[in-house]
Amino acid sequence: MIRTSHFLDDAATWLGEALTLLRAQHAEAASHTPSCRQDWNRMLCDTDLVALTWPEDRGGRALPTATLIAFHEMCARHRAPQPINSIAHAILAPTLLMFGTSEQKARFLPGIRNGTEIWCQGYSEPRTGSDLSSVRTRAARQSNGHWLLNGHKIWTTQGHLAKWCFALVRTDPAGVAHRGLSFMLVDMQAPGVRVEPIRQLTGETDYAEVFFENVEVPANQVLGAEGEGWRIAMAAAEYERGVYFLPRVVMLEQELAQLQDELAAAAVPPAERHVLEHRLQSIVDLCRVVRSRVDKVLDAVAAGETPGIEGAMLKLLWSETRQQVQEFRLELLGESALLGPEAIDSHPESAAVVREFLWSRAETIVAGTSEIQRNIVAERTLGLPKDRGAHAK
Amino acid sequence: MTTLLLSTFGRLVGERHPIAQARKALPCDAPAQQALWSELADGGWLDAGCRDFQQENGAHTLLLGEITGRSLMTLPYASTAFLLMPLLEADARLLADGLVSPLRDFPASVRCSSVQQDDGWIEHFGEAAQYLHLLPVEDGAWRLERHAPSTVAVLPGMDPTIGLGRLGQVAVTAGTLTSQVVLPVLQRHFAFELAHLVGAAGASLDMAIAYAKEREQFGRPIGQFQAVKHALVDAWMGLDNARYALRSLLSATADGTLAPDLAGTAHRLAVSAGRRACKLAIQVHGGIGFAWEHDAHLYLKRVYHLAITTQRSLGLLQAAA
């Protein structure tokens, strides 16, 4: 029983026991697998360790954001997996609470709360990349008031596991760039939805392509007003940049600690060790700055503000620092770096490092490329002219 | 003549061993691999590391290596043509004693390392290949050990285009060679492997450059953005720097000079530029570059694989100096 009055104490006790149970089923090196993340999601839901900041009349605990932050930090320190439905909790739920109708909240929040409905995010499209304003998936209003959806989404994380998708869709064919977009909640089991999993270079399948072919979307599954999609998507992105970035920073700190141990244990000549330790120190310095930045962002979030430009800087710095940590760890493996991620059974530690190195190639691409983050900082903070083509003028 | 030579080799490898072939990770006994091996042998390409070929065309070793790298060759061409063939040429007893099987029929995978580098990983090409370990022993002597294919344990490797094996403790048979014979050969083989690395990285970067010209974001080709354009230039120049270093190493090798210092420079430049180019290629391609179906990861994995195996050879060259 997790009491609201002693929430963090109870949660800490529970975490220790629950993770022992989870680890009996899934090794720590398998924390990223969908089955492990699904099991963990279920355990959190069954113990009421979700929806912490939601209002009580929506099944939440109405805890302050600071407690949510502390809980996420605790989970990350215990090396808990990321729950499978974290996209729904991180992005959709706060967005629904802010923009949803009473009917929409009643329909969708319980499925997220209970872990029965997994969500995916239908933003990216072929050729749009990080430029979400060039979305081409379109929906036309029918005579019965419903929408007819046609288009093609890609890089949809767990699209092949999701029951629902929140998608950015062009509802005004005359709308240019970010105008004329709407935020739609699409049933992945509806006729005309086709999902094709994508295998990524780690050999795993976490993404999918999603095709919409004459999919009927009821009028009450548009969130906010028609044409308001861009504003809602941007607000949703702000939630993601805040609280839910924290576990990644804690993970980075743990990976750095592993790197420090690995370097200490590595057999390297004294002259080379000096160079490697210097390199390590520069990464340690970066990680400290990442921590200072995430703390600042979290203070802003806890105070009810949005992280804004700090979020872009944090994402940029974190992703590139993580790549450095993983590359360093790979180098310290020596010859064992010839192994692939599939060698997890015979060489779990080495295979896990190789997997994380390969995975880390995506960090500077997903959730806004480093190029885009730099543009944001250049334009908004330094006031430099926009790096844009003619269509956005 | 030399242009014809290179275009002939380039066409043979490019047509018979496109990247789609590399993806299949076929063992040596697959009919397509056997057919290509026969053509390489019939064309005299297995002699490319030997004296006559090198005297006439040694300057083109770099380009031959780049061609095999661009195609992500999944046959043990480098260790056969640039290591064992010249060793057999220098010491015919290796063949006569049966330590090495005829290379025309049995492509050879060789691990070059010292006992200190004792992990025993070797490239694995199936039961039809022969597996050897070349290592320094004492007082200028080197041992060439032969291992039975059945004793090589197979493991999942990072590079999905070639198998990864682990040599057992016990060799079937062994012979001895002198440093005078081994070291110049080892140095040329090392340079060829680095050329292969540069070729793989170069092919990856070429894909990214082509993509940057056609792929549009914000209404114009992404190559128009300096963030992309300049990064591609830096990566390209890095690879070109490596080529200069490799040419210096190869010309020293042609003179019979052992140059561990030049070998170190070539290794550092080629490995760092190669890794950077392959990582950039994935970044420039964005999501599509992270997909298994795209070739970008195959190049990345080959480059990272070779960075390790060439490190062993570099260690041997430097220790012998």
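The values are calculated or read from the model by the stated rules, or taken from the named source; none is laboratory data. Model, not experiment: these values are computed from the prediction. For neighbour counting, all protein chains shown are included, and Cβ atoms are generated from backbone atoms with ideal geometry for every residue, glycine included. We work out accessible area using only protein heavy atoms, side chains counted, and drop any ligands, DNA or RNA first. Shrake-Rupley method; radii C 1.70, N 1.55, O 1.52, S 1.80 Å.
If you average the sequence gap of Cα pairs under 8 Å that are 6 or more apart and divide by the length of the stretch B:182-320, what percent do you get for the contact order?
36
Among rounded, prolate and oblate, which fits the stretch B:182-229 when a ≥ b ≥ c are the square roots of the eigenvalues of its C-alpha gyration tensor, a/c under 1.5 means rounded, and a/b larger than b/c means prolate?
Judged from the Cα gyration tensor, the stretch B:182-229 comes out prolate (a/c at least 1.5, a/b above b/c).
Nearest 20 debye, what's the magnitude of the dipole of the stretch A:242-387 about its Cα centre given +1 on Lys and Arg Cβ and -1 on Asp and Glu Cβ?
Charge dipole, the stretch A:242-387, about its Cα centre: 500 debye, nearest 20.
Once the Cα gyration tensor of the stretch B:182-320 is diagonalised, what are the square roots of 5 times its eigenvalues, in whole Å and ordered largest first, as equivalent ellipsoid semi-axes?
Over the Cα atoms of the stretch B:182-320, the semi-axes work out to 33, 14, 10 Å.
Set Lys and Arg Cβ to +1 and Asp and Glu Cβ to -1, take the dipole of the stretch A:242-387 about its Cα centre, and tell me which of A:Pro385, A:Ala351, A:Pro307 lies farthest positive.
Working it through, the farthest residue towards the positive pole turns out to be A:Pro385.
Peptide B:211-218: average number of partner chain Cβ atoms within 10 Å per residue?
Counting Cβ atoms of other protein chains within 10 Å of each residue's Cβ and averaging gives 4.
Give me a single rounded figure for B:292-301: the average over its residues of other chain Cβ atoms within 10 Å of their Cβ.
Partner-chain Cβ atoms within 10 Å, mean over residues of B:292-301: 3.
Taking the Cα centre of the protein assembly as shown as origin, sum charge times position over the Cβ atoms of Lys and Arg (+1) and Asp and Glu (-1), and report the length of that vector in debye to the nearest 20.
Dipole magnitude for the protein assembly as shown comes out near 1740 debye.
Taking Cα pairs under 8 Å and at least six residues apart, what relative contact order does chain B come out at, in percent?
18
Hey, what did chain A get for relative contact order, percent, Cα under 8 Å, at least 6 apart?
Reported as a whole number, the value is 13 percent.
Apply the a/c threshold of 1.5 to the C-alpha gyration tensor of chain A and tell me whether it is rounded, prolate or oblate.
prolate
Counting helices only, and only those DSSP H runs with n ≥ 4, report the 222 nm mean residue ellipticity of chain A as the sum of -39,500 (n - 2.57) divided by its residues, in deg cm²/dmol to the nearest 500.
Roughly -14500 deg cm²/dmol at 222 nm, from the helical runs in chain A.
Could you size up the charge dipole of chain B around its Cα centre, putting +1 on the beta carbon of Lys and Arg and -1 on that of Asp and Glu, and report it in debye to the nearest 20?
With Lys and Arg at +1 and Asp and Glu at -1, about 920 debye.
Using only Cα atoms, what Kirkwood radius does the stretch A:66-167 have, in angstroms?
Value: 15.7 Å, from the Cα pair sum.
Within straight cross-link reach of A:Lys105, meaning Cα distance under 24 Å, which lysines are found once same-chain residues fewer than 8 apart are removed?
Partners within reach: A:Lys163.
By average Cβ neighbour count within 10 Å, what is the ranking of A:128-138, B:149-159, A:274-284 from highest down?
Per-residue Cβ counts within 10 Å, averaged per peptide and sorted highest first, yield A:128-138, B:149-159, A:274-284.
Counting partner chain Cβ atoms within 10 Å of every residue's Cβ in A:198-205, what's the average?
Across the residues of A:198-205, the mean count of other-chain Cβ atoms within 10 Å is 5.
Determine the calculated [θ] at 222 nm for chain B from helices alone, applying -39500 (n - 2.57) to every DSSP H run no shorter than 4 residues and normalising by the residue count; nearest 500 deg cm²/dmol.
One gets -18000 deg cm²/dmol as the mean residue ellipticity at 222 nm.
Going by a ≥ b ≥ c, the root eigenvalues of the Cα gyration tensor, does the stretch A:137-284 fall in the rounded group (a/c under 1.5), the prolate group (a/b larger than b/c) or the oblate group?
Cα axes put the stretch A:137-284 in the prolate bin.
Among A:Ala27, A:Ile372, A:Leu181, pick out the residue whose Cα is farthest towards the positive end of the charge dipole of chain A, where Lys and Arg carry +1 and Asp and Glu carry -1 on C-beta, about the Cα centre.
My answer, from the dipole projection, is A:Leu181.
Where the accessible area of the stretch A:107-219 is counted over protein heavy atoms with a 1.4 Å probe, how much of it, in %, is carbon and sulfur?
50
Taking all protein chains together and a probe of 1.4 Å, list B:Leu88, A:Leu339 from the most accessible to the least accessible.
From most accessible down to least: B:Leu88, A:Leu339.
Given the protein assembly as shown, what whole percent of its Cα pairs are spread farther than 44 Å?
That fraction is 32 percent.
Apply the Debye scattering formula to chain B, with a single equal point scatterer on each alpha-carbon and no solvent, then give log10 I(q)/I(0) at q = 0.08, 0.12 Å⁻¹.
Listed by q, the Debye log ratios stand at -0.35, -0.78.
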